[in-house]
Structure formats: C-alpha cells, structure tokens
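One structure is given here, and the rest of the page talks about it.
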Amino acid sequence: MPLSDASPPLSDPAAPASLDPRAAVILTSEQIQGLLPHRYPFALVDRVIEHEPGKRAVAIKNVTLNEPQFQGHFPGRPLMPGVLIVEAMAQVGGLIVTQMPDLPKGLFVFAGIDGVRFRRPVVPGDQLVITCELLSLKRRRFGKVKAEASVDGLLVCSGELMFSLVD
C-alpha cells in the first residue's frame, strides 16, 4: 500500500525522527566490528540503539532463517538456541566495557553466568532487544552485567553474566 502524499518519505530530513529507522542507531554493525572480535557466524549484535559507555547499552539482534544454527535446531521448527541468546547478551555487555578508556586492552571472556532463565522461544523473524547494565568492575579485570533480552516487549531471557580479562 503506497504512502499518502501527506506522509513524508523516510529519507526526508524533515521527517519526524520517530519515523526514520536510522535515527536511533548509535553504533552500526561496521562500528561494532571495530569494537568486538566476533565474526560470522558469531557476530550476534546488529546495531546499538542506546549507549552509556561504562554503564549500559541497548542493542538489536535480528534473527533470520538464514542463520546456520537453524539447519539443525530444529528442522521444521527453528528455535534460536539459548546459548546464542546468552552469547548475544554477553556481546552487548562487551560493548560497554570496550568503551571504557581506563581499562587495559585485551580479550574479555565469560567467567560465569548466574540466574539465567529462558521465558519464551525466539524464532526467525524476531528482533531481540538486548539491554545490559554494568553491575560491577573489580581490579579492572573482572566484571558483571545484568542482561535482559526481549521480543516485542516480552522478556525472553535474563540473567547476570560475569567476564574476565585474558592476558
């Protein structure tokens, strides 16, 4: 259905920001690749829409049927594996840390997960909105984030993720 003449096109600079899907992009996928070491098929953050360096981030992961895990998880009923949801949340947590200027450079990896719960399935076509908040940072090497992932405003996964710096 075509837009009416009264509606400004999305590319129109005079269009309201709420109509322009690019308005909320804080970090693009290319910028994220400059901050995180993950690459296909483990680059699980498509864009960042909110970011307070060293404090919190909100990001998007678009779930598509073209992703390799859906070939076997599960044929005829594709479900995003929980471990990949948790990994996506961890990558958003990693974006918080990579933007902190006073931390040593290096690779932050999982050190533990606490209280992770899966509440509903994630399927191709869903858009995960992942929110992470830094809870603590100790000795500039160990951190903990509170992470939540939702689809259409409904919580699908939550928990606390710990990470440590590997030399």
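Evaluate the Kirkwood expression for the hydrodynamic radius of segment 49-89, namely the inverse of the mean inverse distance over all pairs of different C-alpha atoms, and round to one decimal in Å. Before the final figure, lay out the partial values.
Working: mean 1/r = 0.0835 Å⁻¹.
Averaging 1/r across every pair of different Cα atoms and inverting gives 12.0 Å.
Over the chain, with every protein chain in place, what whole percent of the accessible area is carbon and sulfur at 1.4 Å, could you tell me? Please report the intermediate quantities before stating the final value.
Working: 5510 of 9870 Å².
Roughly 56 percent, rounded to a whole number.
Only aspartates and glutamates eight or more places from residue 61 in sequence, or on another chain, were considered; those with a Cα closer than 18 Å are 30, 46, 50, 87, 126, 133, 148, 152.
Ordering 75-82, 88-95, 150-157 by mean Cβ neighbour count within 10 Å, with the highest value first, yields 88-95, 150-157, 75-82. Compute the helix-to-body angle for 82-98: its Cα long axis versus the longest principal axis of the chain, expressed 0 to 90° and rounded to tens. Taking Cα atoms only, the helix is inclined about 80 degrees.
Once both labels are positioned 7 Å from their Cα atoms along Cα-to-Cβ, the gap between residue 139 and residue 79 label points is 4.0 nm. Find the accessible area per residue for the chain; the probe is 1.4 Å, ligands and nucleic acids are left out, and the unit is Å². On a per-residue basis, 59 Å². The relative contact order of the chain, computed from alpha carbon pairs under 8 Å that lie at least 6 residues apart in sequence, is 21 percent.
May I ask you to order 139-148, 115-124 by the average number of other C-beta atoms within 10 Å around their residues, highest value first?
Going from most to least packed, we get 139-148, 115-124.
Inter-label distance, residue 64 to residue 166: 2.8 nm, where each label sits 7 Å from its Cα along the C-beta direction.
The values are calculated or read from the model by the stated rules, or taken from the named source; none is laboratory data. Remember, it's a predicted structure, so these values are computed and weren't measured experimentally. Heads up, the Cβs are rebuilt from the backbone with ideal geometry, glycines too, and the neighbour counts pull from every protein chain shown. Note: accessible area is taken over every heavy atom of the protein model, side chains too, but ligands, DNA and RNA are not part of it. Shrake-Rupley method; radii C 1.70, N 1.55, O 1.52, S 1.80 Å.
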